[in-house]
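Participant: I have a structure I would like to understand better, so I am pasting it below and will then ask my questions one at a time.
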Amino acid sequence: MSNDPNNLYNFKKPKLHSSSAKELSSSTSLAFSSTLSSLLASQTQESSSSSTTRGRPRHSKTKEDIFKTHNKGTKKRAAKDLEDDEDGNTYTQIRKTGQGERIDDSTLHRSKKRLAEKAKIYSRLKRGDHDRLANGDGDENGEAEGLVDFDRKWVEGGEKDEDSDSDDSFGAGASNAEDNQLVEYEDEFGRLRQVTRKEAQRLERQRRNALLGAEELERMSARPAQPSQLIYGDTIQSSAFTSTLDSETAEKMEELAKKRDRSATPPEMKHYEADKEVRSKGQGFYSFSKDEEMRKEEMDNLERMRKETERGRREREGLKEKRKREIEERRRVLGEKRAKKQADAFLEGLGDVPTPTLTDGNE
């Protein structure tokens, strides 16, 4: 222990300014404060993350913009169109020019090609060429033009009907025996065939469906229907020479003869009535009288006034033409006088010039 009397507890008082102590610079203190603040911030984030729990993210309540979403399968169809193109590596390019947007040549060629294929399909459907579409005869690329094979669909539907009929009649022996009974059936070629009753019903349904389909196709076809009353080859129309007429035709001919021999009745005179229309008439509109005599007199007066107007117009035009001819004649006379005066002045000017004399060359 220290025996220093100035120290109450016998401890040595430390020196405030020791020669061995190092002074802290400002850069060191700033680095220490920044490190301490970063540690405190990281500790605060860890504590907050450990205290809170994250749940499942909720869907946004706002609806998506219809202009940002695309239809399903759009990209696949676009890729298919690019594969069908001869230049499959080219994509749609739109160049902006001064006049507007211009579509790339490859895109225009691809669009024309697809539209031409669709036009062929529609024309075949209008003509009724369903067989080629159903058999899957493709175009140049080998694709089937018909998307639905209606014949196969109808056959499969018939087979399902047969299966259902057989299942329903499995327990009924009498009905099954009746369906298996042989009957005569006349096909579309007029041949008699021995088939079961069930088969005959199925063939009859097929014929009925074919007729309905043909009628529907004929109704929807763009071609005009063929006239039914046509005469092919040399034919004598004997009905035009026969004098025997039935009672109904004779009565009609008598009625026509009576109408022909009857004196012609003049139709009732009907004229325009301006009072029945609520609208403003034109500037030259003239309302005639409803009385026939007064109407005729008014029309005669108008006709007379029109003739007088035309005569006065012709007289004025004649006077105008006469005045025009007089002016032209006066202009011509003045022109002749002016030309004569100018010629006289020119000749007088020539008289003042001395005339050269001819001399002999020997002088």
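Throughout, read-outs are computed from the coordinates displayed, never taken from laboratory work. Please read all numbers here as calculations on a predicted model, not as lab measurements. Because the Cβ atoms are built from the backbone with ideal geometry, glycine has one as well, and the counts that use them run over all protein chains shown.
Participant: Beyond 12 Å, how much of the Cα-Cα pair distribution for the stretch 295-336 remains, as a whole percent?
Facilitator: 69 percent
Participant: Fewest first, what order do HIS109, HIS271 take by the number of other Cβ atoms within 10 Å?
Facilitator: Arranged by neighbour count, lowest to highest, HIS109, HIS271 become HIS271, HIS109.
Participant: Oh, and also: Quick query: amide H of THR196 versus all other amide H atoms, modeled in the peptide plane; which residues come in under 5 Å with a sequence gap of 5 or more or a different chain?
Facilitator: For THR196, whose amide H was placed from the backbone, the distant partners under 5 Å are VAL183.
Participant: Counting other C-beta atoms within 10 Å, which of PHE189, PHE285 has the fewest, and how do the rest follow?
Facilitator: By the 10 Å Cβ count, ascending: PHE189, PHE285.
Participant: Would you mind checking the pairs LYS296/LYS320; LYS72/LYS153; LYS258/LYS296 and listing those with alpha carbons more than 29 angstrom apart?
Facilitator: Exceeds cut-off: LYS296/LYS320; LYS258/LYS296.
Participant: With each pseudo-label sitting 7 Å past Cα toward Cβ, what's the ARG295-GLU329 distance in nm, one decimal?
Facilitator: 5.3 nm
Participant: Work out how much length LYS72 to ASP275 would gain on full extension: take 0.36 nm times their residue separation and subtract the Cα-Cα distance, in nm to one decimal.
Facilitator: Contour length minus Cα-Cα distance gives 66.4 nm.
Participant: Which value, in Å to one decimal place, does the Kirkwood hydrodynamic radius take for the stretch 178-221 when every pair of different Cα atoms is included? Write down the numbers at each step before the final one.
Facilitator: On the way: mean 1/r = 0.0868 Å⁻¹.
Taking every pair of different Cα atoms in the stretch 178-221, averaging 1/r and inverting gives 11.5 Å.
Participant: I've got another one for you. Say R0 is 51 Å: what FRET efficiency, to the nearest 0.05, do GLU321 and GLU268 get from their beta-carbon distance?
Facilitator: 0.55
Participant: Ranked by Cβ crowding within 10 angstrom, fewest neighbours first, how are VAL278, VAL195 ordered?
Facilitator: Result, fewest neighbours first: VAL278, VAL195.
Participant: Could you give the length gained on full extension between ALA339 and LEU203, defined as 0.36 nm per residue of separation minus the Cα-Cα distance, in nm? Before the final figure, lay out the partial values.
Facilitator: On the way: separation 136, 0.36 × 136 = 48.96 nm, distance 11.26 nm.
Separation in residues times 0.36 nm, less the Cα-Cα distance, equals 37.7 nm.
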